[in-house]
Amino acid sequence: MPMTAWTQWAASLALAAAVVGLWSAPAAAESPTEVAEQLADDGVFVSRARSDIDEDALIRAVQDVRFDGLRLVAVAPIDPQPDGKSYARRIREVVDADAALLFLDDGTLETAVIEDLSGGRTRATQRARAASDPGRAVLVFAQELTTEPERGRPALVSRLILAVILLAVVISIITVLEQAVRLARARRRADRRVSNNDARSEQSDLVAQSADGRSAN
């Protein structure tokens with residue numbers, strides 16, 4: 001093979017190796033351990049290949065959340081491995097954070113939190129996914145994660161309370177009716193006594209008048 005052909009072949013091989021190296025570099029540089037080192041300063045890592053993230057706004061949001069006491073980190077990688085959910089969990093564990101937010105390049109969001117905050121993670125993640133930008137998503141997520149939801153009264157308890165109230169009303173009505181019936185009966189008995197007494201009095205008067213008549217004769 002002529003020297004020129006060898007030179008061209010070597011150059012092509014070197015170019016291919018360079019392309020492969022450039023292609024694999026982000027993934028290698030974005031391992032959780034490598035990312036953790038870059039999260040030490042401000043809690044934010046944005047891949048150089050990502051142009052859809054306002055890094056400054058994201059840093060401000062994370063700093064605001066950290067100022068309120070929540071140790072949160074935000075990561076926007078280009079090639080999280082093996083998947084977004086596992087990557088977010090690994091990042092949180094490596095940096096020992098309370099929560100980790102992972103902004104994927106397809107616009108989706110994955111989160112990971114410590115066990116003590118796991119009860120609010122699903123709700124907070126859903127609210128954060130509806131946010132207009134990553135910075136806002138961080139603020140919404142932190143607020144929802146650390147705020148106790150208002151617990152409404154269970155339906156069963158409400159029904160039991162309503163049943164007790166209705167029962168009390170029914171008992172009150174029955175008691176009033178019983179008292180009214182008793183009062184009516186007492187009045188009728190009193191009226192009968194009065195009538196009987198009147199009748200006896202009239203009868204006594206008639207007997208007395210008859211006796212007086214016989215005495216006069």
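The combined condition, being open to solvent by less than 60 Å² (accessible area, probe 1.4 Å), part of a helix (DSSP H, G or I), modelled with pLDDT of 70 or more and on the phi < 0 side of the Ramachandran plot, is not fulfilled by A211. Scanning region 76-96 for residues that are in contact (Cβ under 8 Å) with a residue 40 or more places away in the chain and among the aliphatic types (A, V, I, L, M) gives A76, I78, I91, V94, V95.
Name every residue in region 76-87 that is open to solvent by 70 Å² or more (accessible area, probe 1.4 Å) and either among the basic types (K, R) or touching a Pro at 6+ places or on another chain (Cβ under 9 Å) (or both), in order of residue number. Reasoning before the result, please.
Just the residues of region 76-87 that are open to solvent by 70 Å² or more (accessible area, probe 1.4 Å), to begin with: 81-82, 85.
Result: K85, single match.
Please verify whether V73 is more than 20 Å from the chain's Cα centre (by Cα), open to solvent by 50 Å² or more (accessible area, probe 1.4 Å), of a type in the set (A, V, I, L, M, F, W, C) and closer than 21 Å to Q38 by Cβ, treating the condition exactly as stated. It would help to see each step written out before you state the result.
On the way: more than 20 Å from the chain's Cα centre (by Cα): yes; open to solvent by 50 Å² or more (accessible area, probe 1.4 Å): no; of a type in the set (A, V, I, L, M, F, W, C): yes; closer than 21 Å to Q38 by Cβ: yes.
Answer is no for this residue.
Taking the numbered list (1) open to solvent by 80 Å² or more (accessible area, probe 1.4 Å); (2) without any contact (Cβ under 8 Å) to a residue 40 or more places away in the chain; (3) part of a helix (DSSP H, G or I) in turn, R136 passes all entries but (2). Of all residues in region 48-58, those satisfying the criterion of being under 20 Å from A97 (Cβ atoms), open to solvent by less than 40 Å² (accessible area, probe 1.4 Å) and touching a strand residue (DSSP E or B) at 6+ places or on another chain (Cβ under 9 Å) are I53, L58.
The values are calculated or read from the model by the stated rules, or taken from the named source; none is laboratory data. Worth saying up front: this structure is predicted, and the values here are computed from it rather than measured. Neighbour counts are summed over all protein chains in view; Cβ atoms, including those assigned to glycine, are modelled from backbone coordinates with ideal geometry. In case anyone asks, the SASA skips ligands and DNA or RNA and just uses the protein heavy atoms, side chains included. Shrake-Rupley method; radii C 1.70, N 1.55, O 1.52, S 1.80 Å.
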